[in-house]
Amino acid sequence: MMINANQLIAIFQSAIAVILLLVIGFCFWPALRLDIFRQKMFALRDEMFDYAAAGNISFSDPAYRLLRQSMNGFIRYGHRLSFFSLCMTIFQWKKLGVVPDKSWNTQWESAIGKVREESARKALLDYHARTELLVAERVVFSSPLLLAVIFSVWCGALLHMSWRGLRNATNKAATVMMAKIVDPSLLDEEAARLAVA
């Protein structure tokens with residue numbers, strides 16, 4: 001069977017399109033996602049700074065400082081937040097029998113418990129929850145396999161929740177899946193450790 005010129009041109013154009021999609025998918029898209037993650041974390045950190053600058057909480061408050069340290073660690077080492085890296089770290093802990101240090105989490109719980117103003121405590125807890133959500137999104141959307149699992153959990157959550165609130169179902173599915181993979185407090189520990197390194 002002979003290939004004519006039109007078929008050869010179509011094959012050549014298709015091959016170039018596939019190569020371009022692969023370059024975009026494996027080179028540019030991950031870098032863009034990292035930049036978006038860092039920008040969202042910067043914006044959240046700035047929002048928390050503005051909250052403190054308005055006099056709602058002291059810049060020297062231990063809870064504020066710990067949360068800011070955690071955010072800085074996530075910004076600095078956001079490129080290490082991937083499903084693969086997370087799996088390798090967990091595998092390394094299990095293989096070596098290492099028990100992860102939870103000192104940041106212990107300090108955080110102590111510090112947040114000492115915040116006098118209830119509104120400030122709620123605001124800091126909200127900033128912490130939003131930080132964890134950004135990290136969960138970063139880890140989840142870095143893996144096509146994990147995206148498929150999340151999609152399955154998301155569909156199940158939609159059915160279970162009787163189709164109440166698409167956004168809530170999406171956030172719940174990402175949070176539940178992330179919590180099943182790794183304790184979110186361990187991510188805070190790692191970010192805090194890397195921020196001071």
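The values are calculated or read from the model by the stated rules, or taken from the named source; none is laboratory data. All values derive from a computational prediction rather than experimental measurement. Here Cβ is always computed from backbone atoms with ideal geometry, including for glycine, and neighbour counts include all displayed protein chains.
Do we have Phe49 as buried (at least 20 other Cβ atoms within 10 Å of the Cβ) and within 18 Å of Thr131 (Cβ to Cβ) here? Walk me through how you get there before you give the answer.
Working: buried (at least 20 other Cβ atoms within 10 Å of the Cβ): no; within 18 Å of Thr131 (Cβ to Cβ): yes.
Against the criterion (buried (at least 20 other Cβ atoms within 10 Å of the Cβ) and within 18 Å of Thr131 (Cβ to Cβ)), Phe49 does not qualify.
Among the residues of the range 151-166, those that are outside any loop (DSSP other than H, G, I, E, B) and either modelled with pLDDT under 75 or touching a His at 6+ places or on another chain (Cβ under 7 Å) (or both) comprise Leu158, Leu159, His160, Leu166.
Filter the range 1-25 down to the residues that are surrounded by 10 or more Cβ atoms within 10 Å (Cβ to Cβ) and either under 25 Å from Arg80 (Cα atoms) or of a type outside the set (A, V, I, L, M) (or both) and list them by number. Scanning the range 1-25 gives Gln7, Phe12, Gln13, Ser14, Leu21, Leu22, Val23, Ile24, Gly25. When you look at Leu187, is it of a type in the set (A, V, I, L, M, F, W, C), surrounded by fewer than 16 Cβ atoms within 10 Å (Cβ to Cβ) and modelled with pLDDT under 80, yes or no? No: the conditions fail for Leu187.
Mind telling me which of the residues Val98, Val23 ends up being without any contact (Cβ under 8 Å) to a residue 12 or more places away in the chain, farther than 18 Å from Pro184 by Cα and β-branched (Val, Ile, Thr)? Don't jump to the end; show me each part of the working.
Values: Val98 fails: farther than 18 Å from Pro184 by Cα.
Only one candidate passes the filter, namely Val23.
In the range 131-148, the residues that are under 29 Å from Tyr64 (Cβ atoms) reach residues that are among the basic types (Lys, Arg) and assigned to a helix (DSSP H, G or I) with C-beta atoms within less than 6 angstrom, at least six apart or across chains, in these pairs: Leu134/Lys40.
Against the list (1) within 21 Å of Ile57 (Cβ to Cβ); (2) of a type outside the set (A, V, I, L, M, F, W, C); (3) over 16 Å from the mean Cα position of the chain (by Cα), the condition Tyr127 fails is (3).
A count restricted to the range 168-197 and to residues that are within 17 Å of Ser85 (Cα to Cα), among the small types (Gly, Ala, Ser) and without any contact (Cβ under 8 Å) to a residue 12 or more places away in the chain stands at 1.
Among the residues of the range 98-125, those that are within 24 Å of His79 (Cα to Cα) and of a type outside the set (Val, Ile, Thr) comprise Pro100, Asp101, Lys102, Ser103, Trp104, Asn105.
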